[in-house]
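Engineer: Input: one structure, supplied below.
The values are calculated or read from the model by the stated rules, or taken from the named source; none is laboratory data. Computed from a predicted model, the values in this text were never measured in an experiment. Don't worry about glycine lacking a Cβ; one is built from the backbone with ideal geometry, like all the others, and counts go over all protein chains shown. We work out accessible area using only protein heavy atoms, side chains counted, and drop any ligands, DNA or RNA first. Shrake-Rupley method; radii C 1.70, N 1.55, O 1.52, S 1.80 Å.
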Amino acid sequence: MSINASVRDADLVGRDAERAVLDRVLTGSSLVAYLHGPGGIGKSALLRHTARQARLAGREVVRVDARSLHADPRRLEEAAAPASVEEGAVLLVDAFEHCGRAERWLRDTFLPRLAEGAAVVIASRTAPDPEWTLDPGWARIFAPLVVRPLDATASDALLAARGVAPERRGAITSFAGGNPLVLSLGACAASPGDVLTTLVDRLVGEVPGFVHRRGLDVLAQARVTRESVLREVLGDEDAATVFCWLRRQPYVEATPDGLVPHDAVRAALDADLRWRDPERHEDVRARVSAERVRATPPDPLPREDFEAAVFEALRTWRAPREFATSVLLRSHLVPSDSPDPVTDLRATITAALDALRVDPAGVKAHDALTATYVSASGTHKATARRLGVPYGTYRRHLALAKHRLVEHLLAR
């Protein structure tokens, strides 16, 4: 097998169903196929496959890259003109999202003028206009096709075809979320993190304005994004507008709980913001977490989760923004009508710490806990030296303190 053939095969791993639809278009079962999906998902690779198959069948291929047309129907008509005169021509239009305003003109005016036996394949980040399927005439010859992420097996096969060692594939596959572009870039990088910030433009595409970029910052931090989450960061004026824009993006799924981005998009946006503006990254993360805490109804935590939340609260004791995101703010430790949940949670934990001091068996445990987290003496070894006890003894006191603190808080 030649190198070029090997690369072509790698591009089409896991795309049997999509190729079958495109092959039916070439045989005349449909007139128009409309591929749509997020950036990097493999739409252009499928167009290249269609072009190869058409040329093998001796058909004229007319390729149009809509990015160069500036959304001008006249330029689109000029670029696609050969398909109107060459019988059996195959018109391929890539990046059609840049010509969205010309979609009606294409459907109602230009395509009916195509030469006899012509076929059309359109690739776009946005879904097709519903009119394609609402019109009975078009519905019979129109084939919409969502290009979805590759599954784990196909992702592994793509990496294998690109020569990635088996021990590296798991980490790349987990990060890429089935996006062929991310998989391909990951195959060439030392680690997935090396390509994160370079993916933003390819995966997300054009962002209309500053407020939309801020909305993407929120999308990357929130488990799910609702208008209330955007309102916390953007304010009332922009939240609805940005939510509607995010909802239309091909890399965002609208779920019953809210908007959820593709895993690779989330990771790329998060890494990009952390690199561009670490302070804003922390601020957005804290605001999103605070809104999640407010929006989550109080619910008893399993003991294991409660313990983890207590330890996290201690760890962030001297980091106000992080402490303010604690799930304990919605627990029984804070009154449901509290005007200042953060202050009340601190007071509750402090009272439980003071209770350790009253217990003769817990005095040393109290000292170990407060010196480690409340006073923050540095490393555990530095804290042991400050307390004047061997490191092993300090560790035992600290473990006892955590256990007793959790018991006190559970009993409240």
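Engineer: Looking at the structure I just gave you, is residue 293 under 19 Å from residue 346 (Cα atoms), in a helix (DSSP H, G or I) and either of a type outside the set (Val, Ile, Thr) or modelled with pLDDT of 75 or more (or both)?
Structural biologist: Considered against the rule, which asks whether it is under 19 Å from residue 346 (Cα atoms), in a helix (DSSP H, G or I) and either of a type outside the set (Val, Ile, Thr) or modelled with pLDDT of 75 or more (or both), residue 293 comes out as no.
Engineer: Considering only residues that are part of a loop (DSSP other than H, G, I, E, B) and surrounded by fewer than 22 Cβ atoms within 10 Å (Cβ to Cβ), which ones fall in region 82-117?
Structural biologist: Result: 86, 87, 88, 95, 114, 115, 116, 117.
Engineer: OK, next. Can you go through 344, 257, 337 and tell me which one is at pLDDT below 85, out of contact with any helix residue (DSSP H, G or I) (no Cβ under 7 Å at 6 or more places or on another chain) and over 30 Å from residue 180 (Cα atoms)?
Structural biologist: 337
Engineer: Would you mention how many residues in region 124-140 are in a helix (DSSP H, G or I), open to solvent by 40 Å² or more (accessible area, probe 1.4 Å) and among the hydrophobic types (A, V, I, L, M, F, W, C)?
Structural biologist: Going through region 124-140 one residue at a time, the tally reaches 2.
Engineer: Give me the residue from region 383-398 that is of a type outside the set (Phe, Trp, Tyr) and open to solvent by less than 60 Å² (accessible area, probe 1.4 Å) and, out of that set, nearest to residue 345 (Cα to Cα).
Structural biologist: Within region 383-398, the match that is nearest to residue 345 (Cα to Cα) is 398.
Engineer: Also: Taking region 43-60 as the search range and keeping residues that are assigned to a helix (DSSP H, G or I) and of a type in the set (A, V, I, L, M, F, W, C), which one is surrounded by the fewest Cβ atoms within 10 Å (Cβ to Cβ)?
Structural biologist: Only one residue tops the list, namely 56.
Engineer: Open to solvent by less than 40 Å² (accessible area, probe 1.4 Å) and either within 25 Å of residue 181 (Cβ to Cβ) or in contact with a helix residue (DSSP H, G or I) (Cβ under 6 Å, 6 or more places away or on another chain) (or both): is that true of residue 39 in this structure?
Structural biologist: Yes; evaluated as a whole, the condition is true for this residue.
Engineer: Taking region 303-329 only, how many residues are open to solvent by less than 40 Å² (accessible area, probe 1.4 Å) and of a type outside the set (A, V, I, L, M, F, W, C)?
Structural biologist: Total satisfying the criteria: 3.
Engineer: Another question, if that's okay. Give the residue, chosen from 332, 403, 380, that is touching a residue at least 60 places away in the same chain (Cβ under 8 Å) and open to solvent by 50 Å² or more (accessible area, probe 1.4 Å).
Structural biologist: 332
Engineer: Spot the failing condition for residue 144; the list is (1) open to solvent by 20 Å² or more (accessible area, probe 1.4 Å); (2) farther than 28 Å from residue 254 by Cα; (3) not in a loop (DSSP other than H, G, I, E, B), and only one is missed.
Structural biologist: (2) is the only condition that residue 144 fails.
Engineer: A follow-up question, please. Under 9 Å between Cβ atoms, which residue pairs at least 6 apart in sequence (or on different chains) link something in region 83-105 that is at positive phi and of a type in the set (A, V, I, L, M) with a partner that is in a loop (DSSP other than H, G, I, E, B) and open to solvent by 10 Å² or more (accessible area, probe 1.4 Å)?
Structural biologist: Going by the 9 Å Cβ cut-off, the qualifying pairs are 95/125.
Engineer: Mind counting the residues in region 260-272 that are crowded, with 22+ Cβ neighbours inside 10 Å and modelled with pLDDT of 85 or more?
Structural biologist: 2
Engineer: Which one of these does residue 63 not meet: (1) within 29 Å of residue 265 (Cα to Cα); (2) open to solvent by less than 10 Å² (accessible area, probe 1.4 Å)?
Structural biologist: Evaluating residue 63 over (1) within 29 Å of residue 265 (Cα to Cα); (2) open to solvent by less than 10 Å² (accessible area, probe 1.4 Å) leaves (2) as the failure.
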